[in-house]
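Remarks on the structure that follows.
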Amino acid sequence: MPFPADDYTPHGYLGTPTHTRNLSPRGVLRSWGAGFRWHFPAHAGIYGGRREIYRAGFRLALDGALEIADFARALSPYHSCNVFTFELARGAARCRATFFLAGEHALCAALEVSGARRLAVLLEYTRLLAANGEWGESGLVGRLAEGELALQGFEDGEAFALWVSPPPLDLGVTPDVAEAARWAVATAPGLPPEGFRAVTGRMGETVALHGVLGLQIPVDGTIQVVLARGRTLRQAQHRLRTARRTAEAERERKVAEDEVFWARAPRLAGDWPDHWRRGLVYDLETVRMMVRAPVGIYRHVWDAMQIQAPRMVLAEAAIDALLLSYANARAAQDLLLGTFLDAPEPNVPCSREDGSYNMVAADGTVCGTAPPWGYPWLVLQWLAALRPDRAWLDRIYPHLADYLDWWLASRRDAEGWLHYACSWESGQDDSPRFGEQPLGGGHPVCHVRPVDLHAAFAHACAAMAGFAQALGRSADIARWEDLARECAGRTEALWTGDERPTTNDQRPTIGAEGAHSGESIPEAFVVRRSSFVGGRYADFDARAGRPTDVDDVMLLAPLALGLAPAERAAALIPALQALDPEALTWPMFVWTAVEAAGRAGLHERAAELAAAVVERAYGFWDARQAHPERTLPGVACEYWPPGGRCGGEGYGWGAFTTHLVLHTLAGIAPAEGGLLLRPNLPPAWRVPGRSYRVLLHWGRIPLEVVLAPLEGGRVAVSAGGRQAELAWGEEVRLTPGAAGE
């Protein structure tokens with residue numbers, strides 16, 4: 001099935017699947033007007049670092065329109081991580097431009113143009129001179145070299161060669177970006193008499209050259225544009241000429257790869273909002289960019305977590321596997337299996353492809369994310385139910401056991417209580433849950449007995465008992481069941497009924513793993529204490545000998561994971577009702593909140609929270625204009641603050657909205673021999689006459705799930721020829737056919 005064509009935003013990223021942080025930095029390809037440019041070693045945002053060594057790429061100008069806002073029409077009908085098409089209009093002029101990579105180092109575009117007076121290609125090369133602090137870079141030079149426009153560094157620095165299929169009508173090179181923009185809409189003057197144009201600077205300064213090519217517009221046919229890079233001009237030219245020969249075949253291969261993915265991937269149809277329909281596509285294409293081929297210490301397919309500075313983190317790998325499972329359950333299982341197989345230590349430390357660690361606590365402890373962060377055992381249960389595969393479970397089971405045994409051996413105090421080494425290990429960097437942390441997120445916090453850690457450990461051990469039973473490992477079952485009971489009991493011991501003051505206006509800060517260090521956190525991290533006046537789960541400070549005073553969404557984990565008794569669930573209802581959806585800006589917090597609300601029977605509340613988060617995120621992803629104070633549209637980003645400054649661009653778990661749409665709202669979940677449906681659209685959407693459709697594959701079976709609101713607070717559901725009428729939030733098990741691959 002082809003990629004789902006639509007009116008996507010004209011912003012986004014092309015995937016650079018071989019890019020890594022240390023062994024093979026290739027940079028990222030980020031949209032730039034009607035075009036793309038490399039940012040090397042990554043985009044200078046949160047995870048790319050504050051200093052780019054260079055950025056280079058090209059974009060198009062059409063009859064005086066250069067910026068996206070200048071075009072009468074600017075959208076992307078095809079918007080995958082492999083291939084990106086711009087559809088542009090300005091007056092009578094039309095241009096359809098399709099961009100893709102040929103290999104690692106050649107950016108190609110195929111242009112179809114009609115009705116235009118002038119079409120120009122603008123090339124930019126901006127470089128930080130001597131970024132490594134060593135002597136040997138003086139500036140950039142632009143010239144013609146064997147019929148190609150070359151911009152290259154001197155005495156050192158990458159070279160770029162640009163070729164267009166029709167000979168250019170005019171060209172020019174300038175260090176002045178405003179001058180280049182004027183040439184793009186008029187006529188470039190050519191090169192100076194000496195035949196080159198140079199710009200110089202000192203070590204640590206940033207310099208730039210801009211090239212302009214005015215193009216002949218053929219009566220029919222396609223204009224080809226190729227920009228290639230190399231450590232030398234000769235290497236760049238060789239790659240350019242190779243790409244000219246292979247570009248069309250490479251484009252066809254990438255389109256075919258898209259078709260394989262979208263033959264099984266879920267789509268929205270019917271009365272879902274348009275930006276939600278497109279938002280799911282942005283999400284899934286972002287997740288696709290996380291899946292990388294083996295490299296370095298990763299001998300299997302691995303999860304890059306985010307595209308700027310890829311690294312292996314269990315929590316993000318678990319969430320990305322969950323999201324990928326909606327399109328390809330087997331690939332999701334392989335992704336999570338590889339995470340455990342390739343881990344350099346049993347606790348799956350956060351690592352990079354060269355074997356280095358990127359989460360070492362202030363006391364030297366090597367850390368990986370803890371059992372609550374990313375809920376990996378919830379994901380494992382989901383994958384095992386979605387695609388029963390004894391061989392997969394048998395391979396991953398010993399590594400899961402080693403992980404949990406490591407925690408028991410390394411993160412348990414003398415009284416048997418579990419703890420985090422530091423707040424980084426919890427996932428909640430610098431969270432006030434752990435008290436003063438003068439050394440930052442790596443500060444030791446072993447004195448705190450966390451609620452979510454004990455709850456997640458109890459849930460994981462119960463899941464392991466189920467896995468052991470499925471595998472016939474009868475000797476393991478009793479041990480896991482005993483551990484599950486012990487940790488559940490310790491979780492229950494962390495309940496406190498004390499009523500405390502109702503003020504809590506603190507705004508803590510978090511650091512490297514969660515967001516900008518020093519950035520103000522919305523109240524996603526802190527639930528108002530007044531919400532818990534009927535009692536609450538509370539972390540315990542063993543050093544102070546009392547429960548801590550800080551409340552947090554993650555303290556709802558016992559309820560979200562199904563460990564809280566009915567009386568505890570009832571006591572937590574005011575806290576759930578008090579949650580502000582605008583404060584749920586991080587995947588783990590909204591996941592915990594909506595699962596807890598569902599467990600408490602507050603299905604409408606779960607729907608309201610999930611829908612508010614999805615609406616906010618998809619509004620950002622599908623925006624038509626990019627704003628400097630926001631992250632780029634067209635790609636899922638790290639989290640979803642109301643202001644739109646959404647952290648790292650191209651972050652897999654930011655696509656968690658996929659799960660909120662398909663599971664929390666549409667109500668889809670795996671069940672033995674079929675699927676479980678619990679439709680739970682927000683109340684405002686439950687309008688009789690509407691129809692909300694989800695097209696997906698369930699095992700081998702193409703399936704259309706239809707939710708049709710009825711009068712009287714009920715909904716008609718159908719899937720695979722099976723039909724039922726339910727109350728909203730009520731579940732039904734359907735067996736549309738045999739499960740499996």
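Sorted into 10 angstrom bins from 0, the C-alpha pair distances of the stretch 173-220 split as 23, 43, 25, 7, 2 percent. Note on D176 and R630: their simple-model spin labels are 3.4 nm apart, each label 7 Å out from Cα toward Cβ. Take the Cα of A385, step 7 Å along the line toward its Cβ, and report every residue of the stretch 474-495 whose backbone nitrogen sits under 17 Å from that point. No residue passes the distance filter. Using only the Cα atoms of the chain, each taken as one equal point scatterer with no solvent, compute I(q) by the Debye sum, divide by I(0), and report log10 of the ratio at q = 0.06, 0.11 Å⁻¹. With no solvent term, the Cα-only Debye profile gives -0.38, -1.17.
If the Kirkwood radius is taken over C-alpha pairs of the stretch 308-406, then at 37 °C and 0.692 mPa s the Stokes-Einstein diffusion coefficient equals 238 µm²/s. A Förster distance of 51 Å, applied to the separation of the beta-carbon atoms of T246 and R395, puts the FRET efficiency at 0.85. Fully extending the segment from R479 to A69 would add 141.3 nm, taking 0.36 nm per residue of separation and subtracting the current Cα-Cα distance.
If you take the Cα centroid of the stretch 120-171 and the Cα centroid of the stretch 183-199, the two points sit 13 Å apart. One quarter of the surface of the convex hull around the alpha-carbon atoms of the stretch 71-214 equals 10.0 nm², the direction-averaged projected area. Among 287-299, 236-248, 307-319, the peptide with the highest mean count of other Cβ atoms within 10 Å heads the list, and the full ranking is 307-319, 287-299, 236-248.
Once the Kirkwood radius over Cα pairs is known for the stretch 348-462, the Stokes-Einstein relation at 37 °C and 0.692 mPa s delivers a diffusion coefficient of 217 µm²/s.
Within the assembled protein chains, the solvent-accessible surface assigned to R94 is about 110 Å², based on a 1.4 Å probe. Computed over the Cα atoms of the stretch 357-414, pair by distinct pair, the Kirkwood hydrodynamic radius stands at 13.4 angstrom. Ordering 399-408, 673-682 by mean Cβ neighbour count within 10 Å, with the highest value first, yields 673-682, 399-408. Taking one quarter of the surface of the convex hull spanned by the alpha-carbon atoms of the stretch 640-741 gives a direction-averaged projected area of 7.9 nm². Size of the stretch 425-495 from its Cα atoms: along the principal axes, largest to smallest, the extents are 49, 24, 14 Å. From most to least packed by mean Cβ count within 10 Å, the peptides 22-30, 364-372 give 364-372, 22-30.
Distance from the C-alpha centroid of the stretch 352-417 to that of the stretch 261-285: 32 Å, rounded to the whole angstrom.
L439 to D271: FRET efficiency via 1/(1 + (r/R0)^6), r the Cβ-Cβ distance, R0 51 Å, to the nearest 0.05? So the FRET efficiency works out to roughly 0.45. Taking every DSSP helix (H) stretch of at least 4 residues in the chain, weighting each as -39,500 (n - 2.57) and dividing the sum by the residue count yields a mean residue ellipticity at 222 nm of -9000 deg cm²/dmol. Rounded to the nearest 0.05, the FRET efficiency derived from the C-beta distance between L169 and D220 at R0 = 25 Å is 0.85.
Projected label points at L710 and E146, each 7 Å from Cα along the beta carbon direction, are separated by 7.2 nanometres. The gain in end-to-end length when the L471 to A256 segment is fully stretched comes to 73.6 nm, 0.36 nm per residue minus the alpha carbon separation. Taking Cβ atoms as reference points and 12 Å as the exclusive limit, the residues near N347 contribute a net charge of -3, counting Lys and Arg as +1 and Asp and Glu as -1. Per residue, the convex hull around the alpha carbon atoms of the stretch 209-270 comes to 220 Å³. Two tests apply to each whole DSSP H helix in the chain, Cα reach of 24 Å or more along its axis and mean Kyte-Doolittle hydropathy of at least 1.0, and the ones passing both are 451-471.
The string of couplings for the stretch 653-659 from the Karplus curve (6.51, -1.76, 1.60, θ = phi - 60°) is 6, x, 8, 4, 3, 3, 5 Hz, one whole number per residue in order, with x for Gly and Pro.
Kirkwood radius, the stretch 571-626, all distinct C-alpha pairs, inverse of mean reciprocal distance: 11.8 Å.
Between the C-alpha center of the stretch 1-41 and that of the stretch 683-740 there is a gap of 36 Å.
Computed from label points 7 Å out along Cα-Cβ, the spacing between Q577 and T496 is 2.4 nm.
The values are calculated or read from the model by the stated rules, or taken from the named source; none is laboratory data. Note that this is a predicted model, so its numbers are computed, not measured. Please note: Cβ atoms are built from the backbone with ideal geometry, for glycine as well, and neighbour counts cover all protein chains shown. Calculation scope for accessible area: heavy atoms of the full protein, side chains included, ligands and nucleic acids excluded. Shrake-Rupley method; radii C 1.70, N 1.55, O 1.52, S 1.80 Å.
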